Amino acid sequence: MTTEASSRAIWSVDLRSPEETERFAVEIAEFLKAGDLVTLSGDLGAGKTTFARALIRHFAQDQTLEVPSPTFTLLQVYPTPAFPIVHADLYRIRGPDELAELGWDEAADGALVVVEWAERSGALPPDRLDITLALHPDDPETGRTARVTGHGSFAGRIAAAQAVNALLAEARFDKAERRFLTGDASTRAYERLIAPDGRAAILMISPPRADAPVVRFGKPYYEIARLAYDIRPYLAMGQALRAQGVSAPAVLAENAPAGLAVLEDLGAEPFTDADGPLPERYLEAVALLARLHATNLPRIVPQGATIYAIPPYDLDALLIEAELVIDWYAPAVAKVAVPASGRAAFMAACTRLFEEILAQDTTWCLRDFHSPNLIWLARRQGLERVGVIDFQDTVIGNPAYDLVSLLQDARVTVPDALELKLLGAYAQLRKAADPGFDMAAFVRAYAIMGVQRSTKILGIFARLDKRDGKPQYLAMLPRIEAYLCKGLAHPALAELRGWYDAYLPRVLGGPAS
């Protein structure tokens, strides 16, 4: 790939067969979205139809879909699960005025637009992807060449695609089938790679965070909350966990500056079934936490040729997370405007609770240790059967937090009886490793950290709906509200319970203010 200017990037690729042209179309599809314009050009028989058909079938998730050339219809619209796709051939269009008669504006609104002879539509937008296909000079029968030019915002996307291509080749997965995996609430993306010889791996795409607004102390939210800026903490903590005998995915290849890694595929055997948590698997996860928490773990760990200092889960981080309930949940879900005096009272109560927590012993707090991020590895032995896949936001914090994450799972209801049983099992393991382990103090910390986490999640899920257009998270709010209400019943939380009763009674089952 070469970059001719800051707003244009060029990528040239040799395609030795129609199958390679189809695979290349799928590669291009990985970084396309609604509203994008892709222009196709090339002589008759150069492979434009092969490319367009593969692209459309990929998004339609239907390899048998009929995708005829739009030479005579001029415009074809394909509804797909992702977004509509408009495939057009404008060779017979004499000017932009004729596009209106085709209903172009209505069809293209919110769609991915793939156009041949696009120049006939008039001036082309500055952000577009131009793909020129030609017969390969050394193999004109089946070979083709593709020249991909990214204009404007596409220049960066071209660079990202080329980086992925190079990494897959390094890991020997360049011929692999790429299957998009359902993502989480973050900006990361994952693909399962299936090589022709049956080998499997996971492609993790975790680019550095985009610029974010300053919210406090001259810092953006993610920095105050101690969230990972890029992929480096993931690589460092994965190495550190494996050094402790934890089944974190091995790294097969990485490009840290680009935010890319090819990881060991731990499979998809869950810790839950249709009826909820699988107790024996949860028990192993609890045992893993107990072992880690009884170990003197390092605060500084290797990261490639450098080192990574695990950040502290400090007062500022705990408070700004809890405050999300006022910023997002209160106005968007509870329909309550918390006054400045109410916010001040909330912050004061939380500060007293969190300062108590910060005075206690700390350890690695993986922060997302719950069912979606745990994989059961039946063929391994002992605690190595617990596969852990999400740990990039690890901090040095209270050991109760990860146990709360597991036993008050946002995505599956953990029955009270099972929660108590697992909490007791954890205490027994800690007591066996350290006779001085104080169960009463731990239960108090468990209640405080549980309320902090539930409060945070209520705000995050409301934000995902309101700001990010992900309403599916609202369905989990009743479960989180129940966890929060249960935690507020502990005597240590009496002051904060009074605050909820005054300002957010919905959480306690009371009427809205």
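The values are calculated or read from the model by the stated rules, or taken from the named source; none is laboratory data. No experiment lies behind these values; they were computed from the predicted model shown. Here Cβ is always computed from backbone atoms with ideal geometry, including for glycine, and neighbour counts include all displayed protein chains. Protein only, heavy atoms only, side chains kept; ligands, DNA and RNA dropped before computing areas. Shrake-Rupley method; radii C 1.70, N 1.55, O 1.52, S 1.80 Å.
A few points about this structure:
- Taking all protein chains into account, the per residue accessible area for segment 58-169 stands at 51 Å² (1.4 Å probe).
- Net charge contributed by nearby residues that have their C-beta within less than 12 Å of D43 (K/R +1, D/E -1): +1
- C-alpha long axis of helix 154-170 to longest principal axis of the chain, angle in °: 80
- Calculated P(r) tail over 22 Å for segment 364-458, as whole % of Cα pairs: 30
- At 1.002 mPa s and 20 °C, Stokes diffusion of segment 251-312 via Kirkwood alpha-carbon radius, µm² per second: 140
- Expressed as a whole percent, the accessible surface of segment 311-351 that belongs to carbon and sulfur atoms is 66, based on a 1.4 Å probe.
- Sequence-distant residues sharing a close amide H with T39 (under 5 Å, placed H): V115, L129, D130, I131
- Filtered GluC sites (Glu not before Pro), segment 67-130: DSSP coil and at most 14 other beta carbons within 10 Å: none
- When only alpha carbons are used to place a centre, segment 323-389 and segment 176-253 end up 20 Å from one another.
- Rounded accessible area of R299 (nearest 10 Å², 1.4 Å probe): 90
- Annotation: peptides 479-491, 32-44, ranked by per-residue average of other Cβ atoms within 10 Å with the highest first, follow the order 479-491, 32-44.
- In loop segments of segment 28-72 as defined by DSSP, the chymotrypsin sites (Phe, Trp or Tyr not before Pro) with at most 13 further C-beta atoms inside 10 Å of their C-beta are F72.
- Residue-count net charge about A337 - beta-carbon cut-off 13 Å; Lys, Arg +1, Asp, Glu -1: +1
- Taking amide H atoms as placed 1.01 Å from N in the peptide plane, the amide H of D265 lies under 5 Å from those of I202, each 5 or more residues away in sequence or on another chain.
- Where only C-alpha atoms are counted, convex hull volume of the chain per residue in Å³: 184
- Under a 5 Å amide H cut-off, with hydrogens placed 1.01 Å from N, R16 pairs with R144 among residues at least 5 apart or on other chains.
- Euclidean distance between Cα centres, segment 435-472 to segment 56-102, Å: 48
- Counting only DSSP beta bridges whose two residues both lie in the chain, roughly 80 percent are antiparallel.
- Angle of helix 416-433 to the longest C-alpha principal axis of the chain, folded into 0 to 90 degrees and rounded to 10: 70°.
- For segment 134-182, the set of GluC sites (Glu not before Pro) satisfying both a DSSP loop assignment and a count of at most 13 other C-beta atoms within 10 Å is given as E141.
- Every helix of 4 or more DSSP H residues in the chain counts as -39500 (n - 2.57), and over all residues that averages to -11500 deg cm²/dmol at 222 nm.
- The 3J(HN,Hα) values that the Karplus relation (6.51, -1.76, 1.60; θ = phi - 60°) gives for segment 141-150 are, in residue order, 5, 10, x, 9, 10, 10, 10, 10, 10, x Hz. Gly and Pro appear as x.
- Each residue of segment 32-48 is assigned a 3J(HN,Hα), and the resulting list reads 9, 8, 4, x, 7, 10, 10, 9, 10, 9, x, 5, 4, x, 7, x, 4 Hz, derived from the Karplus form 6.51 cos²θ - 1.76 cosθ + 1.60 (θ = phi - 60°), x at Gly and Pro.
- If R0 equals 45 Å, the separation of the Cβ atoms of A189 and L358 corresponds to a calculated FRET efficiency of about 0.85.
- Angle in degrees between helix 18-29 and the longest Cα principal axis of the chain, rounded to the nearest 10: 50
- Rounded accessible area of Y229 (nearest 10 Å², 1.4 Å probe): 110
- Each residue of segment 115-127 was assigned a 3J(HN,Hα) from its phi angle through the Karplus curve 6.51 cos²θ - 1.76 cosθ + 1.60 (θ = phi - 60°); the sequence is 10, 9, 6, 5, 4, 6, 7, x, 5, 8, x, x, 9 Hz, with glycine and proline shown as x.
- Each label point was placed 7 Å from the Cα along the Cα-to-Cβ direction; for A159 and K431 their separation is 5.8 nm.
- Calculated FRET efficiency for the pair L508/Q61, C-beta based, R₀ 51 Å, to 0.05: 0.70
- 13 Å beta-carbon shell around N255, net charge (K/R +1, D/E -1): -2
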